[in-house]
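Below you'll find the structure, written out as structure tokens, and then a few comments.
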Amino acid sequence: MGWVREAEDFFRADGPLARALPQYEWRPQQARMARQVALVLEGSAGPPAAVALIEAGTGTGKSLAYLVPALFYAHATGERVVVSTQTIPLQEQLVSKDLPSLQEVLPFSFTHALVKGWANYLCLLRLERIRSRPEEQDEETEDELQALAAWADEVDEGSRSELPFEPTAELWEEVSADPDACLRADCPLFQRCHFFQARRKMEGAQLLVVNHHLLLADAVVRQAVGWESDRAVLPVYGCVILDEAHHLEETASAHLGRQLTRRGVERLLHRLHRSRGNRGGLLATARLLAGEAADREAKELLELLDWQILPATRRAGEQAEALFDGLAAWAARADGLRVIRPGELPERLERLAREAAGDWTALAGLLDRFRADLKGFAPAREERGRAVLAELEGVDLALRRQAEDLEAILQAEGPDEVHWLEGGRAGVKLRSAPVEVGPLLQRALFDQLAGVVATSATLTVDGRFDYLVERLGLEECRQDGRLLEEVIESPFDYAAQALLAVAEDLPEPGVPGFADAVAETLELLVPAVSGGTLVLFTSYQMLEEAGRALEGRLPADRGLMRQGDLPRSQLLDRLRSEPGAVCLATASFWEGVDLPGQALELVVIARLPFAVPTEPVVAARIERLRRLGRDAFAAYQLPEMVLRLKQGFGRLIRHRTDRGAVVVLDGRVTRRRYGQTVLASLPPASLVRGGRQAISEAVRRWLAEGPREVAG
């Protein structure tokens, strides 16, 4: 317990953090959370894991509350700890701000690393190989390649996030690191390799910062090859801290599913062969390599390439085009989205899918044969030849995976997965996902680890973790007494700082006229505040309708912005710098927006953020619950909406001195019976309800006079 006490002492009002960090603000809630994290890590004698679910309200300072005990634990035990997040901004905060600050404060030094996946890094050898064939590139691509090469000479990390420009997706796919095409230690540029430099740093780190996708990828590999294997994505670890844990289910659903896109297939075949003058691509390079072999050997290799592989590549492309055209037409008859059920695929599409999968597999077999024949020849053993062989192997493996994914998605077998088709001709996607990820998470993660801390500001519904426990597969952990459930209230005085106003006189969302009513209400609300306004919608369509209806209605000094007008970061910068700016947004703006003070005084929630019931994964979960005789609305749709709503509410109060209002324009909060659950789940703000005119006046008084004058 020695290190646990030391970690706790760091959070005393007169402790090392308070003395060393000028901006540090002592919070008993933070100290309480740090103690709970320390106790879970200290007691992590699993597997199976001891698990803590900790909902830490906004302002708790949860990142320091878990980093300090995690680092004390790693230092005392020699065990590595992984911190996993959903979003890049939080990763950047941990690596660029919190961990460097702790390096100055803790009584010991420590090592940490931000871990990114292969595709985030530039591959120097692939870049060199592509630049050696300028005749295959157009002028724009050649300019990008020159810029990449100049950048690569100047940077240490070599990850895409450092780039001062955004390369095209097609080019980055050709120059980024690829595990299937990597020569590893045999690469002539291995010592300079950005990915393996990061990997070596990772191997020596006591604390790793990763994202949920990478953590799940590692867990899946370990489940296949053994938890202690050194062939996994990450080095061995025993304890994990999951921040932004409310995203874990959706991330697992996406990661554990399958996806096949028209563009992905086209790009893969494009890597092999480009039609411009029959030049370009891996096959052109392989042809030059084969031509350097002895005459008889070269003749056989070139015949295989010219008479079998090239025709097979063209045929694979033609089959893919026919298949995706057919799928696009089939999807269009269902408004661009169609769930695929066993036996429902039209016979013609079924035949095209079989032929496409067969052609991709056959092409992979030919590439495999070509590589085997080429390996024995001297040119293939040279540096350039090894690189080409590795690239061909990567395409070979990718083709086989594509064929497997295509068959699995279109066969649509098994009640535990949902399969669907979405998009128009240019963007056809075939997708599948597990209906429930809880059992998979239990087997791949919770049963393998010694300790897990899952935290977020939004984990409970009406003060209980029941929903999350079920969704993440933690029922057995709870039954065995291995689950700690802790709600840590925010240090903010919401009753004095935040007004929650519910407008009850708007039409029901979805009814004609709702967007106009939203615009009319905003016309009243926006002038009631002097600071910034963020209006959160649940769909781009509603955002656009309300935006059109709002044009010309706001005062001239209120800059109106819509998501999509500018990049997200620039919209947020304008809210910070332009007093009274108004931003209409959806999707990612429901969370991760941190605008303290007057930059954001009003958050308007146009509609309760229920998931779209026809979205395939949502529909499959609803159907499964109904088959089990359960109320899908109460068990799934309502709690999922509440967690999303809590995130939206959390955009408002970011500091002890902030004051503002959250206005909900969806009267179901007070008209429907479930409204009590909704209100009980939100922070305890002062509540007013009524018509839009009265609500606007209440907001004006709240910000002008303070809460006591409005409380009645």
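The values are calculated or read from the model by the stated rules, or taken from the named source; none is laboratory data. What you are looking at is a predicted structure, and each value in this text was computed from that prediction instead of being measured. Positions of Cβ are backbone-derived with ideal geometry, glycine not excepted, and every protein chain shown enters the neighbour counts.
Scan segment 156-169 and tell me whether some residue there is small (Gly, Ala, Ser) and either in the same structural domain as ASP230 (by TED's automatic domain parsing) or in contact with a Leu (Cβ under 6 Å, 6 or more places away or on another chain) (or both). Yes, because at least one residue in segment 156-169 is small (Gly, Ala, Ser) and either in the same structural domain as ASP230 (by TED's automatic domain parsing) or in contact with a Leu (Cβ under 6 Å, 6 or more places away or on another chain) (or both). Out of ALA357, ALA362, one residue alone is closer than 20 Å to ASP180 by Cβ, surrounded by 19 or more Cβ atoms within 10 Å (Cβ to Cβ), of a type in the set (Gly, Ala, Ser) and modelled with pLDDT of 95 or more. It is ALA357. Scanning segment 214-236 for residues that are surrounded by fewer than 16 Cβ atoms within 10 Å (Cβ to Cβ) and either assigned by TED's automatic domain parsing to the domain that holds LEU183 or under 22 Å from ASP178 (Cβ atoms) (or both) yields ALA224, VAL225, SER229, ASP230, ARG231.
Selection over segment 92-147 of residues that are charged (D, E, K, R), in contact (Cβ under 8 Å) with a residue 60 or more places away in the chain, part of a helix (DSSP H, G or I) and out of contact with any Asp or Glu (no Cβ under 7 Å at 6 or more places or on another chain) gives a count of 5.
Give the number of residues within segment 382-435 that are part of a loop (DSSP other than H, G, I, E, B) and either at pLDDT 95 or above or of a type in the set (A, V, I, L, M, F, W, C) (or both). Full working, then the answer.
Pass one, segment 382-435, residues part of a loop (DSSP other than H, G, I, E, B): 382, 412-416, 423-424, 428, 435.
With the extra rule that they be either at pLDDT 95 or above or of a type in the set (A, V, I, L, M, F, W, C) (or both), the set shrinks to 412, 428, 435.
Selection size over segment 382-435: 3.
Applying the selection to segment 147-163, what residues are surrounded by fewer than 16 Cβ atoms within 10 Å (Cβ to Cβ) and polar (S, T, N, Q)? Matches in segment 147-163: SER161 only. In a loop (DSSP other than H, G, I, E, B), over 30 Å from the mean Cα position of the chain (by Cα) and under 19 Å from SER696 (Cα atoms) - does that describe any residue in segment 497-505? Yes.
Of the listed requirements (1) β-branched (Val, Ile, Thr); (2) surrounded by fewer than 19 Cβ atoms within 10 Å (Cβ to Cβ); (3) out of contact with any helix residue (DSSP H, G or I) (no Cβ under 7 Å at 6 or more places or on another chain), THR141 misses just one: (3).
So, in segment 15-24, of the ones that are in contact with a helix residue (DSSP H, G or I) (Cβ under 9 Å, 6 or more places away or on another chain) and surrounded by fewer than 16 Cβ atoms within 10 Å (Cβ to Cβ), which residue ends up nearest to GLY57 (Cα to Cα)?
That would be LEU21.
Scanning segment 508-562 for residues that are among the charged types (D, E, K, R), modelled with pLDDT of 95 or more and under 25 Å from PRO596 (Cβ atoms) gives a single hit, ARG562.
Here GLN29 fits the description: of a type in the set (S, T, N, Q), touching a residue at least 40 places away in the same chain (Cβ under 8 Å) and in the same structural domain as LEU94 (by TED's automatic domain parsing).
Which residues, taken from segment 541-579, are among the charged types (D, E, K, R) and outside any helix (DSSP H, G or I)? Walk me through it before giving the result.
Taking segment 541-579 as the starting set, the residues that turn out to be among the charged types (D, E, K, R) are 544-545, 548, 551, 553, 557-558, 562, 565, 568, 573-574, 576, 578.
Correct list: GLU551, ARG553, ASP557, ARG558, ARG562, ASP565, GLU578.
For the residues CYS193, CYS239, the requirement of being outside the structural domain of VAL452 (by TED's automatic domain parsing), buried (at least 21 other Cβ atoms within 10 Å of the Cβ) and modelled with pLDDT of 90 or more singles out CYS193.
Of the numbered criteria (1) buried (at least 19 other Cβ atoms within 10 Å of the Cβ); (2) farther than 12 Å from ILE488 by Cα, the one ARG12 fails is (1).
Any idea which of ALA198, ALA181, ALA177 is touching a helix residue (DSSP H, G or I) at 6+ places or on another chain (Cβ under 6 Å), closer than 19 Å to PRO235 by Cβ and not assigned by TED's automatic domain parsing to the domain that holds PHE72? Give the derivation first.
Working: ALA198 fails: touching a helix residue (DSSP H, G or I) at 6+ places or on another chain (Cβ under 6 Å); ALA181 fails: closer than 19 Å to PRO235 by Cβ.
None of the other options fit; the residue is ALA177.
Being surrounded by fewer than 17 Cβ atoms within 10 Å (Cβ to Cβ), under 19 Å from ARG263 (Cα atoms) and at pLDDT 85 or above is the filter here, so list the residues in segment 274-324 that pass it. Residues satisfying the conditions are ARG314, ARG315, GLU318, GLU321, ALA322. Answer yes if at least one residue in segment 110-119 is surrounded by 15 or more Cβ atoms within 10 Å (Cβ to Cβ) and touching a Pro at 6+ places or on another chain (Cβ under 7 Å), and no otherwise. Looking through segment 110-119, at least one residue is surrounded by 15 or more Cβ atoms within 10 Å (Cβ to Cβ) and touching a Pro at 6+ places or on another chain (Cβ under 7 Å). Based on what the data block shows, is TYR66 surrounded by fewer than 24 Cβ atoms within 10 Å (Cβ to Cβ), among the aromatic types (Phe, Trp, Tyr) and within 26 Å of GLU591 (Cα to Cα)? No. All but one of (1) at pLDDT 95 or above; (2) on the phi > 0 side of the Ramachandran plot hold for GLY336, so report the exception by its number. It fails just one condition, (1). Considering segment 325-351, and only residues there that are part of a helix (DSSP H, G or I) and over 33 Å from the mean Cα position of the chain (by Cα), the residue that is surrounded by the most Cβ atoms within 10 Å (Cβ to Cβ) turns out to be ARG351. Pairing each residue of segment 624-640 that is not assigned by TED's automatic domain parsing to the domain that holds ARG672 with any residue that is in a loop (DSSP other than H, G, I, E, B) and hydroxyl-bearing (Ser, Thr, Tyr), provided the two are 6+ apart or on different chains, yields no C-beta distance under 8 Å. Filtering segment 43-58 down to residues that are among the small types (Gly, Ala, Ser) and either outside the structural domain of LEU474 (by TED's automatic domain parsing) or in contact with a Gly (Cβ under 6 Å, 6 or more places away or on another chain) (or both), which residue is modelled with the lowest pLDDT? Selected residue: SER44. Based on what the data block shows, is GLN308 of a type in the set (S, T, N, Q), closer than 19 Å to VAL265 by Cα, over 32 Å from the mean Cα position of the chain (by Cα) and part of a helix (DSSP H, G or I)? Judged against the criteria, GLN308 is not a match. The criterion of at least 2 residues that are surrounded by fewer than 19 Cβ atoms within 10 Å (Cβ to Cβ) is met by the following strands (runs of 3 or more DSSP E) wholly inside segment 594-712: 686-690. Checked against the criterion of being without any contact (Cβ under 8 Å) to a residue 12 or more places away in the chain and not charged (D, E, K, R), the candidates GLY317, GLY326, GLY291 yield just one match: GLY291. Applying the condition of being assigned to a loop (DSSP other than H, G, I, E, B) and more than 30 Å from the chain's Cα centre (by Cα) to segment 25-55 and asking which residue is surrounded by the fewest Cβ atoms within 10 Å (Cβ to Cβ) yields ALA45.
One residue stands out among those in segment 196-235 that are in a loop (DSSP other than H, G, I, E, B) and at pLDDT below 90: the one that is nearest to ALA113 (Cα to Cα), which is VAL233. Only one entry of ALA634, ALA704 meets the criterion of being among the hydrophobic types (A, V, I, L, M, F, W, C) and farther than 19 Å from HIS246 by Cα, and that entry is ALA704.
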